[in-house]
Amino acid sequence: MNRIILNYRHLWFLPLLLLVLASGCWFLLSGTWVIIYAVADEDIHQSTGLHKFDVNLTDEDVWKDHKDNLDNIEDVAMTFNLVNEMGTEATGRIYVSSDNSLTDTTAIKASATLILDGLTVPANDSLKVDLAFYYDVFQNFEALRDLVKTGVFTGYAIVPNSTQVHIRHFIVVVTFSASV
Amino acid sequence: MKRIICLSMMLFFLVGVSSACAGGKFSVGAFAGLNMPLVQEDVGNGTLYGVKGRILLLPFLGVEPNLVFSKYGDKDIKNDGELLGTRKGGDVTSFGLDAVVGTLSGFSSTHFYGLVGVNSNTSKRDAVPDQTRLGLALGAGIEFLPSDVFGIEVRARIHAISLEGGGGRNNLEITGGLNYYFGPM
């Protein structure tokens, strides 16, 4: 009898457990989805010293289905090819911004967010940026995540000569969580 | 590996001391199995293993401190069939406490039970900052006792882990394990 009384004293944790469960169930009905967004080569616009392209996730069915219950942008990755037709080595940088009206490299460097730096392509060669390469050199995730939350952003690639250094096959991979 | 051994020893010590205080039956056990992500397109099925103790507070109620190491499977990211790269699944170290309710003692050679619990989860994945977050567990299991001291157990557990910034990850864990019992019947 004494033992049962002693054991009942150890039930203090049950109300605590129920309290935690009651307050913390919001994430029980959550899922994670991946959008693979391909930018068509003809939608990459060229001007002096840069290439520009828009990313609009709001047209994607998965985004439409879950945008109202979006919890978090968990990851954003990009893959592409950088093609150098020059006879000398070329370097490139990728910036992102909510402003799609930036027209020169000075304005981009001043107001956009640098996410990939030091992309180096040998003369008359190309650089394939795959996921592994991207994760090695990627920076400023928080700023990119805030941009992606809106569903729309603009990418800018600054290159030494935009008529001879091209960006091709640009793909954005967005992983997000949302309530179901 | 040292960390795993230290944490396991701490867990067993905790279970032993708690049981001695409660004056009841207790067990320690190890388990392993599958970790299956639910509605998560960015990771694949993985594995898990862990250790746990069970302290019986009442014939139908026990608590289980547990330490679990789980992995998510890698996921190939493809666009129209073209492989863009492979995303590493990452892993989670979880330390928690489950409350277990069911036919946990007596002379029956089979125990059925349900469980509910809370846990702390440290997630690690390439290119994503590590995070330690609250998790919840809900599940059920069955244990066969071929002798007075050994139990063979199979259980299914939904393990939900919250994420920094919102949302969460839910996993179905299917495990099998062995338990060794101490204390009076």
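Tabulated data for the structure shown
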{"quantity": "Residue count, the range B:85-99 (criterion: within 12 Å of chain A (Cβ to nearest Cβ), within 18 Å of the chain's Cα centre (by Cα) and in a strand (DSSP E or B))", "calculated": "4"}
{"quantity": "Matching residues in the range A:124-153 - criterion: being more than 29 Å from B:Ser162 (Cβ to Cβ) and in contact with a helix residue (DSSP H, G or I) (Cβ under 9 Å, 6 or more places away or on another chain)", "calculated": "A:Leu127, A:Val129"}
{"quantity": "Matching residues in the range A:46-77 - criterion: being more than 14 Å from chain B (Cβ to nearest Cβ), buried (at least 19 other Cβ atoms within 10 Å of the Cβ) and of a type in the set (Val, Ile, Thr)", "calculated": "A:Val55"}
{"quantity": "Filter result for the condition that a residue is in contact with an Asp or Glu (Cβ under 7 Å, 6 or more places away or on another chain), free of Cβ contacts under 8 Å to residues at least 60 places away in the same chain and under 28 Å from B:Gly44 (Cβ atoms), over B:Gly141, B:Gly168, B:Gly96", "calculated": "B:Gly141"}
{"quantity": "Candidates B:Ile152, B:Ile174, B:Ile142, B:Ile77 - the one that is among the β-branched types (Val, Ile, Thr) and within 25 Å of A:Asn69 (Cα to Cα)", "calculated": "B:Ile77"}
{"quantity": "Enumeration of residues in the range A:133-171 that are assigned to a helix (DSSP H, G or I), farther than 28 Å from A:Lys67 by Cα and not charged (D, E, K, R)", "calculated": "A:Phe133, A:Val137"}
{"quantity": "Subset of the range B:144-162 (residues that are buried (at least 20 other Cβ atoms within 10 Å of the Cβ), within 14 Å of chain A (Cβ to nearest Cβ) and either free of Cβ contacts under 8 Å to residues at least 24 places away in the same chain or not basic (Lys, Arg) (or both))", "calculated": "B:His159, B:Ala160, B:Ile161, B:Ser162"}
{"quantity": "Filtered residues of the range A:101-115 (kept if more than 12 Å from A:Val159 (Cα to Cα) and surrounded by 14 or more Cβ atoms within 10 Å (Cβ to Cβ))", "calculated": "A:Leu102, A:Ala107, A:Ile108, A:Lys109, A:Ala112, A:Thr113, A:Leu114, A:Ile115"}
{"quantity": "Any hit, the range B:68-84, residues being touching a helix residue (DSSP H, G or I) at 6+ places or on another chain (Cβ under 9 Å), modelled with pLDDT of 95 or more and not in a loop (DSSP other than H, G, I, E, B)", "calculated": "yes"}
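Condition check ((1) surrounded by fewer than 22 Cβ atoms within 10 Å (Cβ to Cβ); (2) part of a loop (DSSP other than H, G, I, E, B); (3) within 14 Å of chain A (Cβ to nearest Cβ); (4) out of contact with any strand residue (DSSP E or B) (no Cβ under 6 Å at 6 or more places or on another chain)) across all residues:
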| residue | (1), (2), (3), (4) |
| --- | --- |
| B:Asn35 | no, no, no, no |
| B:Thr47 | yes, no, no, no |
| B:Gly50 | no, no, no, no |
| B:Leu57 | no, no, yes, yes |
| B:Val63 | no, no, yes, no |
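The values are calculated or read from the model by the stated rules, or taken from the named source; none is laboratory data. As the structure is a computational prediction, the values presented were derived from the model and not from experiment. Ideal geometry is used to build each Cβ from the backbone, glycine not excepted, and the neighbour counts take in all protein chains shown.
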